[in-house]
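A short reminder: the numbers here are calculations on the coordinates, not readings from a lab. Keep in mind it's a predicted model, so treat the numbers as computed, not measured. When we count neighbours, we look across all protein chains shown, and the Cβ atoms used for this are built from the backbone with ideal geometry, even at glycine.
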Amino acid sequence: QVQLVESGGGLVQAGNSLRLSCAASGRTFSTYATGWFRQAPGKEREFVAAINWSGAGTHYIDSVKGRFTISRDNAKNTVYLQMNSLKPEDTAVYYCAGRPFVAVTTRHEYDYWGQGTQVTVSS
């Protein structure tokens, strides 16, 4: 069993940065891939970024490439999403999710989910 807790959201102006954290409990977290998803009001939850269990492989949605960076520290059971050059269209609730080993971009393949953290970017 893995429990995930997101933090680091907030209100920022466009062009600024935020770093989200996803803290996990459970001894097996180091064997889990982790994904970040986001959901804006009235929209479907969409994939943002994901990282393999080892940190060696990552995936990003095109709209965040070059601006967002996903990383992990297995010693701290934490995955990070560094978000730079934020835009108003990045406004959403951000969720982290876990699944064994291999990162994928489809949300239904993730077994565990956090409660989400709100990110609001003002223009």
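Here are some notes:
- For the chain, built as a Gaussian network whose Cα springs stay under 10 Å, the top-fluctuating residue of THR91, THR106, THR58: THR106
- Summed side-chain charge close to PHE37 - residues other than PHE37 whose Cβ falls under 11 Å, Lys, Arg +1, Asp, Glu -1: 0
- Of the trypsin sites (Lys or Arg not before Pro) in segment 1-94, those whose Cβ has at most 13 other Cβ within 10 Å and which sit in DSSP loop: ARG27, LYS43, LYS65
- Here the translational diffusion coefficient of segment 28-83 follows from Stokes-Einstein with Rh set to the Kirkwood radius across Cα pairs; for 4 °C and 1.567 mPa s it amounts to 109 µm²/s.
- Net length gained if the chain between GLU89 and ARG45 were fully extended (0.36 nm per residue, minus Cα distance): 14.5 nm
- Relative contact order for the chain: 36 percent, from Cα pairs under 8 Å spaced at least 6 residues apart, divided by residue count.
- Each of GLY66, TYR110, ALA56 was placed along the dipole of segment 12-123 (beta-carbon charges, centred on the mean Cα), and the one lying farthest toward the positive end is ALA56.
- Computed over the chain, the Cα gyration tensor eigenvalues convert (square root of 5λ each) into semi-axes of 23, 14, 13 Å, ordered from largest to smallest.
- A DSSP coil position with no more than 12 other Cβ atoms inside 10 Å describes the following GluC sites (Glu not before Pro) in segment 22-123: GLU44.
- Where N is the number of residues in segment 82-123, Cα Rg divided by 2.2 N^0.38 Å: 1.40
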